[in-house]
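Undergrad: Next up is a structure, given as structure tokens.
The values are calculated or read from the model by the stated rules, or taken from the named source; none is laboratory data. This one's a predicted model, so the numbers in the text were calculated from it and none came from an experiment. Every residue, glycine as well, gets a Cβ built from its backbone with ideal geometry; the counts of neighbours run over all protein chains shown.
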């Protein structure tokens, strides 16, 4: 996916190491969260000014700074950090990055503001999912953000980067504090986790595979369906996924994603009474995903599929179980 050296000139038609370059001054930076090509921070450059959409976890901050420098820009050129939501694989590095960007502000859903000013509860919630030791390896130190450098976005609010508009739209379903950003220049939408996940390893003849992410603790299938519809109504030529990168064929992917959300919910209900419902749901999700990959034409070996998907299947099962326990 990426070739060349990190200090090579940034060419929108080419690539630099760790950075995929797309049209319209958009770049996906591999944050190397867990493994390569799993988690992206997107960088948008317009007339010498820059914005990051999501930051990855705190250990990714040096990679983001290196990518910015490779594009010929210093930290003073960054005006915005747009956060789709505050889960730490998307926003864990926001405080550390912001501390190095003298002119930037962070745009976040109003529900996320207090957690970025004081991340104590956010850290504890993430540790409860991953465990303290793994949390430390993945996320490092979370820096608080001064309240005066935070902007609580309103639904539909427009933010400008050197005159280039980015419109914020609330999209609950994955999380109550989730929002997406539509880029007025390209028409593309930066969707965080709302539009699912699509790993490039499963591309077949240029066709992407999509699946939902239903991680704890606020997954709601009806809300997520409505949010997917909201993205589709924008008719974007492409969406930019944190997991991972740019995908097109948006109407097809959206319909497949909506169908998968229904299937996930049905699987959860079917196995709710199992002796170990989390384990039963995870097994059923894995079997369904493998069958869907077969239908997609993917030939990835079973062991590789299992390695790539096991963390998602486990977290998705936990999120579905959390939804069931809330009493859908």
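Undergrad: State the number of residues belonging to region 81-97 that are under 13 Å from residue 54 (Cβ atoms) and either free of Cβ contacts under 8 Å to residues at least 12 places away in the same chain or over 17 Å from the mean Cα position of the chain (by Cα) (or both).
TA: Count: 1.
Undergrad: Mind counting the residues in region 68-93 that are in a helix (DSSP H, G or I), touching a strand residue (DSSP E or B) at 6+ places or on another chain (Cβ under 7 Å) and modelled with pLDDT under 95?
TA: Qualifying residue count, region 68-93: 1.
Undergrad: Would you be able to tell me the number of residues in region 153-170 that are closer than 12 Å to residue 182 by Cβ, without any contact (Cβ under 8 Å) to a residue 60 or more places away in the chain and not in a loop (DSSP other than H, G, I, E, B)?
TA: 3
Undergrad: If residue 201 meets every condition in (1) in contact with a helix residue (DSSP H, G or I) (Cβ under 9 Å, 6 or more places away or on another chain); (2) part of a loop (DSSP other than H, G, I, E, B) apart from one, which number is that one?
TA: (2)
Undergrad: Counting only residues that are assigned to a helix (DSSP H, G or I) and touching a residue at least 24 places away in the same chain (Cβ under 8 Å), how many does region 230-249 have? Give the steps one after another, and end with the answer.
TA: Taking region 230-249 first, the residues assigned to a helix (DSSP H, G or I) are 230-233.
Right, trim to touching a residue at least 24 places away in the same chain (Cβ under 8 Å) and you get 230-231.
Number satisfying all stated conditions: 2.
Undergrad: Separate question: Take the residues in region 114-142 that are touching a helix residue (DSSP H, G or I) at 6+ places or on another chain (Cβ under 7 Å) and not in a helix (DSSP H, G or I), then tell me which one is surrounded by the most Cβ atoms within 10 Å (Cβ to Cβ).
TA: Step by step, filter region 114-142, then rank; the result is 142.
Undergrad: Scan region 278-289 and tell me whether some residue there is touching a residue at least 40 places away in the same chain (Cβ under 8 Å), within 30 Å of residue 20 (Cβ to Cβ) and buried (at least 16 other Cβ atoms within 10 Å of the Cβ).
TA: yes
Undergrad: Considering only region 47-55, I want to know if a residue exists there that is within 19 Å of residue 159 (Cα to Cα), out of contact with any strand residue (DSSP E or B) (no Cβ under 9 Å at 6 or more places or on another chain) and in a loop (DSSP other than H, G, I, E, B).
TA: Looking for residues that are within 19 Å of residue 159 (Cα to Cα), out of contact with any strand residue (DSSP E or B) (no Cβ under 9 Å at 6 or more places or on another chain) and in a loop (DSSP other than H, G, I, E, B), one finds at least one in region 47-55, hence yes.
Undergrad: Out of all the residues in region 210-227, is one or more in contact (Cβ under 8 Å) with a residue 12 or more places away in the chain, crowded, with 21+ Cβ neighbours inside 10 Å, touching a helix residue (DSSP H, G or I) at 6+ places or on another chain (Cβ under 8 Å) and over 30 Å from residue 127 (Cβ atoms)?
TA: Checked against the condition, which is being in contact (Cβ under 8 Å) with a residue 12 or more places away in the chain, crowded, with 21+ Cβ neighbours inside 10 Å, touching a helix residue (DSSP H, G or I) at 6+ places or on another chain (Cβ under 8 Å) and over 30 Å from residue 127 (Cβ atoms), region 210-227 yields no hits at all.
Undergrad: Here is a list of conditions, (1) loosely packed, with under 15 Cβ neighbours inside 10 Å; (2) within 18 Å of residue 205 (Cα to Cα); (3) in contact with a helix residue (DSSP H, G or I) (Cβ under 8 Å, 6 or more places away or on another chain), and residue 272 meets all of them except one; can you say which number that is?
TA: For residue 272, the failing item is (2).
Undergrad: Given 260, 284, which one is touching a strand residue (DSSP E or B) at 6+ places or on another chain (Cβ under 6 Å), in a helix (DSSP H, G or I) and under 22 Å from residue 217 (Cβ atoms)?
TA: Criteria check complete, one pass: 260.
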